[in-house]
Amino acid sequence: MPRRPVAVFAIAPWAFDGVFPADLLTRLRQLVDIDPATTFTSFEGPAAAAALAEADILLSGWGGPRIDAAVLTAAPRLRAVIHAAGTVKARVDPVVFDNGLVVSSAAEANAVPVADYTVAMLVLGAKQAFSRARRYAAAVEDAHGDWFSGEGTGLHGCTVGVIGASRIGRLVLRRLRAFDVEVLLYDPYVSAAEAAALGAEPVGMDDICRRGDLVTVHAPALPETRHMLDARRLGLLPDGAVVINTARGSLIDTEALTAACATGRISAVLDVTDPEPLPPGHPLFALPNVLITPHLAGAQGRETRRLGEFAIAEVSRFVNGAPLLGRVEPEQLPYIA
């Protein structure tokens with residue numbers, strides 16, 4: 001009888017139950033031998049050494065240890081790393097690819113709630129819902145109508161600028177087809193024909209800023225993208241524009257954004273910041289036209305199950321010799337989020 005593949009969990013206990021509930025574990029155990037009672041956040045010690053020595057597949061996730069040359073030495077049978085979360089950038093050393101291992105990420109599954117959050121914030125941002133709600137709460141009897149005016153609000157007929165045709169950016173573009181909006185796209189790696197197929201007009205970054213009533217950021221954090229929305233570009237935004245960032249905080253110059261929003265000229269919805277978290281008492285927290293959420297756009301609560309479902313489907317594809325849908329190629333590692 002051929003040996004069944006052996007898998008090992010490398011995921012923090014706090015994340016485990018949401019990503020791998022009982023019914024998914026039952027499905028997984030039909031594919032591989034795995035001990036669901038053992039999850040590693042460090043590969044130090046005899047228990048980890050024994051598990052790695054037999055492992056064909058590492059099922060990693062949030063809070064799991066980095067997979068480097070030492071891990072590969074301890075795991076001579078290892079053939080695949082399947083990550084039940086988003087980016088593998090900080091999780092997988094390039095040596096993993098050099099040794100011929102297959103790497104997969106559930107980033108596609110994690111992208112779904114981020115895109116949903118983004119579109120929700122586009123709708124609410126265009127309504128000026130956050131600043132109007134604060135005015136409503138603070139209204140006094142002789143000025144209670146201040147919060148009510150909807151002049152110049154609403155997503156209908158707006159121009160939406162999307163920075164980055166990433167996995168999430170493309171999902172946002174797909175969702176925007178349901179709205180009567182003009183869509184602009186900045187991505188230097190996307191051709192005009194591909195942009196048109198995505199339902200967007202390809203433009204430069206400055207044009208996105210000049211024309212966008214709402215601008216949503218979906219680019220990776222790289223040296224060349226740091227502060228891509230700086231004081232000059234924020235100054236190009238039309239009055240009343242809304243900036244949404246669900247990507248990485250470093251893409252926007254925090255000091256410049258704070259100054260621009262403090263004038264009331266533009267608004268912002270930030271699920272990520274630089275630094276993250278912002279220090280207590282940061283002026284952005286007090287601005288009525290700024291909403292800051294604690295990096296919650298990605299899979300949370302019931303949504304984390306999607307990550308486990310995706311990862312287990314990848315395990316099935318791997319053991320059956322089928323192509324992996326979430327496969328990460330080595331040349332992608334420096335550029336993914």
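Suppose all protein chains stay in the model; what accessible area per residue would a 1.4 Å probe give for the range 7-57, in Å²?
Working: 2390 Å² over 51 residues.
In whole numbers, the range 7-57 has 47 Å² accessible per residue.
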Under Karplus coefficients 6.51, -1.76 and 1.60, residue-wise ³J(HN,Hα) of the range 176-186 in Hz, glycine/proline x: 5, 5, 7, 10, 8, 9, 8, 10, 10, 10, 10
Which Cα, out of Asn289, Pro238, Val190, lies furthest along the positive dipole direction of the chain (beta carbon charges, K/R +1, D/E -1)? Val190
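Could you tell me what percent of the accessible area of the range 193-337 is made up of carbon and sulfur, with a 1.4 Å probe and every protein chain present? Numbers along the way, then the final one.
Working: 3670 of 6550 Å².
That share works out to 56 percent.
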Measure nothing but the geometry: give the 0 to 90° angle between the long axis through the Cα atoms of 107-126 and the longest principal axis through the Cα atoms of the chain, rounded to 10°. 10
Taking the Cα centre of each part, how many Å lie between the range 266-289 and the range 217-256? 13
Mind listing the long-range amide H neighbours of Leu185? Cut-off is under 5 Å, sequence gap 5 or more, other chains count too, H placed in the peptide plane at 1.01 Å from N. Val162, Glu201, Val203
Residues with amide H under 5 Å of Ser267's amide H, sequence separation 5 or more or different chain, H placed in the peptide plane at 1.01 Å from N; which? Ala241, Val242, Val243
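Once you order the gyration tensor axes a ≥ b ≥ c over the Cα atoms, which shape class does the range 182-312 get: rounded for a/c under 1.5, otherwise prolate or oblate by comparing a/b with b/c? List each step's numbers first, then the result.
Working: a/c = 1.84, a/b = 1.03, b/c = 1.78.
In terms of gyration-tensor shape, oblate.
How much of the DSSP beta bridge set in the chain is antiparallel, as a percent to the nearest 5? Please report the intermediate quantities before stating the final value.
On the way: 1 of 39 bridges.
Of the beta bridges lying entirely in the chain, close to 5 percent run antiparallel.
How much mean residue ellipticity at 222 nm does the chain get from its helices, if each DSSP H run of length 4 or more adds -39500 (n - 2.57) and you divide by all residues, to the nearest 500 deg cm²/dmol? Mind dumping the intermediate values first?
Values: 14 runs with 121 residues, N = 337.
Counting only the DSSP helices, I get -10000 deg cm²/dmol.
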Arranged from highest to lowest average of other beta-carbon atoms within 10 Å per residue, in what order do the peptides 171-183, 307-319, 7-19 appear? 307-319, 7-19, 171-183
Any idea of the accessible area per residue across the range 96-243, 1.4 Å probe, to the nearest Å²? 48
Using a simple charge model, +1 on the beta-carbon of Lys and Arg, -1 on the beta-carbon of Asp and Glu, nothing else, what dipole does the range 42-152 show about its Cα centre, in debye to the nearest 20? 60
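How much FRET efficiency would the formula 1/(1 + (r/R0)^6) give for Leu325 and Ala74, where r is the Cβ-Cβ distance and R0 is 30 Å, rounded to 0.05? Intermediate values should be presented prior to the final figure.
Details: r = 29 Å, r/R0 = 0.95.
Calculated transfer efficiency: 0.55.
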Computed lengthening from Glu201 to Thr153, 0.36 nm per intervening residue step minus Cα-Cα distance: 15.0 nm
Give the separation of the Cα centroids, the range 38-91 to the range 103-129, in Å. 30
In order over the range 69-79: 3J(HN,Hα) from phi, Karplus 6.51/-1.76/1.60, θ = phi - 60°, whole Hz, x for each Gly or Pro, gives 4, 5, 5, 5, 5, 7, 10, x, 8, 4, 10
Phi-based couplings in Hz for the range 275-292 (Karplus 6.51, -1.76, 1.60; Gly and Pro marked x): x, 10, x, 5, x, x, x, 4, x, 4, 5, 8, 6, x, 9, 10, 10, 10
With a 1.4 angstrom probe the carbon and sulfur portion of accessible area for the range 60-184, in percent, totals 54
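Using the Cα centre of the chain as the reference point, and only Cβ charges (+1 on K/R, -1 on D/E), how large is the resulting charge dipole? Debye, rounded to the nearest 20. If you can, show how the numbers build up before the last one.
Working: 30 positive and 37 negative charges, 135 e Å.
Rounded to the nearest 20 debye, it is 640 debye.
The values are calculated or read from the model by the stated rules, or taken from the named source; none is laboratory data. None of the values given here were measured: they were computed from a predicted structure. Please note: Cβ atoms are built from the backbone with ideal geometry, for glycine as well, and neighbour counts cover all protein chains shown. Areas reflect the complete protein model, heavy atoms only, side chains present, ligands, DNA and RNA absent. Shrake-Rupley method; radii C 1.70, N 1.55, O 1.52, S 1.80 Å.
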